[in-house]
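The block underneath contains the structure these notes are about, expressed in structure tokens.
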Amino acid sequence: MNIDLIIKNGNIVTLDKSNTIAKSLIVSNGNIAKLFFECEPDTEGYIIDSNTQEIDLNGATLLPGFIDTHSHLLMYGEMLNFLDCRSPLTTNIDDILQKVREKVEKTASGQWIMGWGYDDTLLEEKRHPMRADLDKVAPNNPVFIRHISGHFATVNSKALEIAGITEATLNPSGGFFGRDEEGRLDGVVHEIPALEMIFPILPVPSNEESIENIAKGAEVYLAQGITTCTDAGVGLDKGPSELDAHLSAANSGRNPMKMRLMILNHLLREDGPFANYTAEQLNDELKKKSNNRIQLDSAKLFQDGSIQGFTAALREPYYSKSTEYGELLNEQEAFNKEILDLHNRGFRIAIHGNGDRAIESNITGLGEAIKGSPREDHRHRIEHVQTASFNDLETMKQLGIAASFFINHVYFWGDRHRDIFLGQERASRINPLAEAVELDLLFTLHSDCPITPISPLFSVWAAVNRVTRNGNVLGEDQKIDVLTALKSMTIYGAELNFEEKEKGTIEVGKRADFAVLAKNPLTCPTEEIKDIPVLATIIDGKVVWENRVKVLS
């Protein structure tokens, strides 16, 4: 057997069922061939030649490659080209307008100005930038600036004009156009159904530009130790062209990660490009067109919005708005029917649900399909699951529904969830991980990048410490231990992806997908986990990313 790669003198955290710690290993044909408890592997009987690579970890830690089960790689790569309006880069609306003004000076009249990342609750004015604000600095250029949540945007008059949205335009079901005190459009676009009336007029990158955008995003992901990635919304903004972009990036070699795609449900409906496809047919087509680098993850649906926009559907009213509950995006009967159709076509179904009322609706729809048309090992999943009750999680366990928790919310929005949106009691149990562990519910963690920065180690840190941006512990009794948190970003992710026999732990026969870390998260102080440097990322036994400060030999 030829040896492709020798890794020695390391701290190999296998995350197998026995939590074995090894010291060295060898890789053949992209698979782990053997593990050793000695710093130097015994290679007798194996063939070592000029193609064999050797890495001396010098005591560094080797983990299974991180598995990101919910982010938006294509969206993130594209937004790297936009005006960055995130806090604290912008502290008030004038800061945002200055960025727009400077961009207008360099942009031809009539060309789009694109931005992202503003957060109205962090701006000094505590409001969205409005159409009138943007018109002052960009009267002749259409402007589109997306909210950090991804569920809202602010546009100027020129953009509304091009989109054909007037004072007489009716709100779509599940979304609406903001209006001022006089009832006139204020330029704020609320929720995906309303954004979908803007998306078709936005500039569409060429295929070459899309490849470059994905490549830029992938470089950031690889630097965080991610080896398998799920894009959680293919077709959301630009339809089937987003799928083409992923295929091109994979086939060109610009994205070396193993990709899984959630395909938006509207692409699978009667009037969509994949109307008559079963899940097996679509997956086979993706694999064939990408030389097995891309697989189908699921059909993706939405049933509510975001907590920080007061559009997540809650059972009890918002803390600071006693008459506001948010709303469901789909009427339950029609929702159930669509879920059943996808279920019967063999699709694993992933549904966005932030508010507990939406989570209940998701469980109802999935439950009817599961009970009415039983299918072995469906592994349907609910995304974000932020305000689920214990009973919700218990029902999910009974039905075999998995959870992907948006744990980064505890840090980035926890203080405001407590003070503005949910109040102390509900905020303290957002992302109830300890309860998921108690129920032995299959779950993973995610960043929802670009909503929050991509970093599996940050998500692990957030799950273990539950510290907010202001330094408060939010939900002490929902903390989980480091080992469980690491497994939620590795082997639990592999299980969620139906790939637990291929990846997620460092065991003989599994793919050689690894993250090399400067410290061991299991032994370093828990508050330091998010800051552990990633030294290298290895996919199929090949180093695909390495820290510029070379520390391995």
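Just so it is clear, none of the values below were taken in a lab; they were calculated from the coordinates. Owing to the predicted nature of the structure, the values given are computational and were not obtained by experimental measurement. All Cβ positions, glycine included, derive from the backbone under ideal geometry; neighbour counts span all protein chains shown.
What to note about this one:
- Value of Rg to Rh for the chain (Rh from inverse mean 1/r over Cα pairs, i.e. Kirkwood): 0.97
- Other-chain or far-sequence residues with amide H under 5 Å of T387's (modelled H): D356, N431
- The ranking of K501, K337, K34 from fewest to most other beta carbons within 10 Å of each one's beta carbon is K501, K337, K34.
- Relative to the Cα centre, the charge distribution of the chain, modelled as +1 at Lys and Arg Cβ and -1 at Asp and Glu Cβ, gives a dipole magnitude of about 580 debye.
- Cα-based helix-to-principal-axis angle, 332-344 vs the chain, degrees rounded to 10: 30
- Set of lysines near K106 by C-alpha distance (under 28 Å), chain-local residues within fewer than 8 positions excluded: K136, K158, K216, K238
- Simple Cβ-charge dipole of region 206-496, Lys/Arg +1 and Asp/Glu -1, about Cα centre, in debye nearest 20: 580
- Kirkwood Rh and Cα Rg combined as Rg over Rh, evaluated for region 206-496: 0.96
- In region 111-244, Cα pairs under 8 Å separated by at least six residues give a relative contact order of 18 percent.
- Under 5 Å from the amide H of A313 lie the amide H atoms of G305, E327, N354, G355, A358, each residue being 5 or more positions distant or on a separate chain, with H modelled from the backbone and absent for Pro and chain starts.
- Whole-Å semi-axes of the ellipsoid equivalent to region 311-364 (Cα gyration tensor, √5λ, descending): 26, 10, 7
- Whole-number percent relative contact order across region 206-496, with pairs defined as alpha carbons under 8 Å at least 6 apart: 13
- FRET efficiency for A132 and Q53, using Cβ-Cβ distance with R0 set to 51 Å, rounded to 0.05: 0.25
- Segment N31-L80, extension gain: residue separation times 0.36 nm, minus the distance between their alpha carbons: 14.2 nm
- Percent RCO, i.e. relative contact order, over region 480-524, from Cα pairs under 8 Å lying at least 6 residues apart: 29
- Listed residues A215, V473, F335: farthest to the positive end of the dipole of region 206-496 (Cβ charges): A215
- Backbone N within region 483-513 under 15 Å of label point (7 Å from I21 Cα along the Cβ vector): 483
- Full extension of the chain between D42 and E167 yields a length gain of 37.5 nm, computed as 0.36 nm times the residue separation minus the alpha carbon distance.
- Positive-end extreme of charge dipole, the chain - chosen from L25, L261, S248 (charges on Cβ): L25
- Above-threshold pairs, the threshold being 24 Å between Cα atoms, out of K99/K300; K34/K288; K8/K503: K99/K300; K34/K288
- In order along region 6-12, phi translates into HN-Hα couplings of 10, 10, 9, 6, x, 10, 8 Hz, rounded to whole numbers, per the Karplus curve 6.51 cos²θ - 1.76 cosθ + 1.60 with θ = phi - 60° and x for Gly and Pro.
- Of all lysines in the structure, the ones whose alpha carbon falls short of 26 Å from that of K321, not counting any fewer than 8 places away in one chain, are K126.
- Per-residue Cβ neighbour rank within 10 angstrom, fewest leading, L195, L134, L170: L170, L195, L134
- For the chain, the residue among L522, I93, H128 whose Cα projects farthest onto the positive side of the dipole built from Cβ charges is L522.
- Region 379-437: mean projected area of Cα convex hull, nm²: 3.9
- Set of aspartates and glutamates with alpha-carbon distance to K258 below 14 Å, sequence-local pairs under 8 removed: D68, E219, D231, D297, E499, E502, D513, D540
- Net length gained if the chain between A518 and R184 were fully extended (0.36 nm per residue, minus Cα distance): 114.7 nm
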